[in-house]
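> To start, I am sharing the structure in question, which I have written as structure tokens.
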Amino acid sequence: MKNKERRPARGKPAGPGGKGPRGGKPPAVAVTRAGSGKSRDVVRRPAAKVVSENSPTQADEPARVLQIRAGERPAEHVPLILESMGAGDFHLIDSGDGAKLEQYGPYRIIRPEAQALWPKALPAHVWDKADAIFTGDTDEDGMGRWRFTREALGETWPLSLLGVDFLGRFTAFRHVGVFPEQIAHWRWMKEQIEGHGRPLKVLNLFGYTGVASLVAAAAGAEVTHVDASKKAIGWARENQALSRLEKAPIRWICDDAMKFIQREERRGSRYDIILTDPPKFGRGPNGEVWQLFDHLPAMLDICREILAPKALGLVLTAYSIRASFYSIHELMRETMRGRGGLVESGELVIREAGLDGKTPGRALSTSLFSRWVPK
């Protein structure tokens, strides 16, 4: 459901298929113990309603039953800190005093960063040479504008990460079309795909501008990319052409993520790797409401159902939420009860790399994550 024009902000503001301050109370979900067939009256968690493929709204559809799984919980590895120090055309130069200085290809940019509580390491004259500065609302959900310090820059410019070419873009929500902290997940996914003798099927939910989808396709996977924003899908297609992957087996699906995976569950579709990167709040193309704390349990439950028998991973990232990584870690372990494997959870961090991109500095935390993998 989200989508990122996403991100139009990590909290995802309102926009075409994107996020915003509006919301509604989602329906409750019945809870059933796996294999028992008996529903309880006690509501455990809300979940998004099941909507028929042809229905434009969720108004009169029954709630999807959220199963209480039986069996042993997977082994665990916590905390796991996945760190990157940049790749390709990106690196974090410096951070501090509530801001970060980054290199994206030819441009040096400054954006607000509340978690940069320490002083800046580099002198002011380095920061003063930034090409663009995001100004305006400093809240993750807020809009603002870019100020160009010397000359107006074009709306887009070419970038490359992990061998994939794509367009950076100055958006009104401070983001530029890629979330480089996820390089750690993309490298892991790339290794999994390249290490198998058959094409793997990858599902990328809330896929935004498609960088992860293109990394997977370039490695040899069959990819299904889902995002509720037509604008984000259009941007992703531009990136596909720029990467010369027009013939790669990628399905671009503009749809509400929950509705799509519910249909996939009914169809019996299966995926080897699922990436899901939901917003805190969002709306689908037909006004469907997404609230992370209400709907995430049902989303993961469905994702488990559409994992292939020999699946290689289910990856969840979560941004801008007031929670510990333990919250999503325990949810993932409950979801994957009886499936075996390992749940590893923690934080994604980016380490400062200095002006040369090679000088390690402080680590900046960016998001929480939880990842199930077979043992």
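Matching residues to (1) at pLDDT 95 or above; (2) touching a Leu at 6+ places or on another chain (Cβ under 6 Å); (3) under 24 Å from VAL178 (Cα atoms):
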{"residue": "VAL289", "(1), (2), (3)": "no, no, no"}
{"residue": "THR317", "(1), (2), (3)": "yes, no, yes"}
{"residue": "ARG322", "(1), (2), (3)": "no, no, yes"}
{"residue": "GLY341", "(1), (2), (3)": "yes, no, no"}
{"residue": "THR359", "(1), (2), (3)": "yes, no, yes"}
{"residue": "PHE369", "(1), (2), (3)": "yes, yes, yes"}
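Conditions tested, residue by residue: (1) modelled with pLDDT under 50; (2) within 22 Å of GLU181 (Cα to Cα).
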| site | (1), (2) |
| --- | --- |
| GLY37 | yes, no |
| ARG45 | yes, no |
| SER52 | yes, no |
| ASP60 | yes, no |
| LEU66 | no, no |
| PRO79 | no, yes |
| ALA87 | no, yes |
| PHE90 | no, yes |
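> Look at LEU296 and say whether it is within 16 Å of SER370 (Cα to Cα) and touching an Asp or Glu at 6+ places or on another chain (Cβ under 9 Å).
Against the criterion (within 16 Å of SER370 (Cα to Cα) and touching an Asp or Glu at 6+ places or on another chain (Cβ under 9 Å)), LEU296 does not qualify.
> Same structure again: Restrict the check to the stretch 342-350 and report whether at least one residue is outside any strand (DSSP E or B) and out of contact with any His (no Cβ under 9 Å at 6 or more places or on another chain).
Looking through the stretch 342-350, none of the residues is outside any strand (DSSP E or B) and out of contact with any His (no Cβ under 9 Å at 6 or more places or on another chain).
> Filtering the stretch 256-279 down to residues that are within 16 Å of the chain's Cα centre (by Cα) and in a loop (DSSP other than H, G, I, E, B), which residue is farthest from LEU292 (Cα to Cα)?
By that ranking, first place goes to ASP256.
> Here is a follow-up. Identify the residue in the stretch 209-221 that is closer than 23 Å to ARG304 by Cβ and of a type outside the set (S, T, N, Q) and, among all such residues, is nearest to the chain's Cα centre (by Cα).
Per the stated criteria, the residue is ALA212.
> For the stretch 239-248, what are the residues that are in a helix (DSSP H, G or I) and touching a Gly at 6+ places or on another chain (Cβ under 9 Å)?
ASN239, GLN240
> Write out, first by first residue and then by second, each pair whose Cβ atoms fall under 6 Å of each other, whose residues are 6+ apart or on separate chains, and whose first residue, in the stretch 177-192, is part of a loop (DSSP other than H, G, I, E, B) while the second is of a type in the set (A, V, I, L, M).
What qualifies is VAL178/VAL211.
> A follow-up question, please. Being in a strand (DSSP E or B), in contact with a helix residue (DSSP H, G or I) (Cβ under 8 Å, 6 or more places away or on another chain) and not assigned by TED's automatic domain parsing to the domain that holds GLY313, is that true of even one residue in the stretch 195-207?
no
> Could you please give the count of residues in the stretch 306-337 that are over 25 Å from ILE81 (Cβ atoms) and buried (at least 17 other Cβ atoms within 10 Å of the Cβ)?
Residues flagged as over 25 Å from ILE81 (Cβ atoms) and buried (at least 17 other Cβ atoms within 10 Å of the Cβ) within the stretch 306-337 amount to 3.
> Oh, and also: Being surrounded by 17 or more Cβ atoms within 10 Å (Cβ to Cβ), over 18 Å from ILE350 (Cβ atoms) and touching an Asp or Glu at 6+ places or on another chain (Cβ under 6 Å): is that true of LYS190 here?
no
> Determine which member of the set ARG251, ARG333, ARG322 is assigned to a loop (DSSP other than H, G, I, E, B) and over 30 Å from ALA124 (Cβ atoms).
On inspection, the qualifying residue turns out to be ARG322.
> Would a scan of the stretch 235-245 turn up a residue that is in contact (Cβ under 8 Å) with a residue 12 or more places away in the chain and under 16 Å from LEU312 (Cβ atoms)?
No: the stretch 235-245 contains no residue that is in contact (Cβ under 8 Å) with a residue 12 or more places away in the chain and under 16 Å from LEU312 (Cβ atoms).
> Hey, another quick one. Tell me which residues, restricted to the stretch 208-225, are surrounded by fewer than 23 Cβ atoms within 10 Å (Cβ to Cβ) and part of a helix (DSSP H, G or I).
Across the stretch 208-225, the qualifying residue is only ALA218.
The values are calculated or read from the model by the stated rules, or taken from the named source; none is laboratory data. The structure presented is a predicted model; accordingly, all values stated were derived computationally and were not measured. Every residue, glycine as well, gets a Cβ built from its backbone with ideal geometry; the counts of neighbours run over all protein chains shown.
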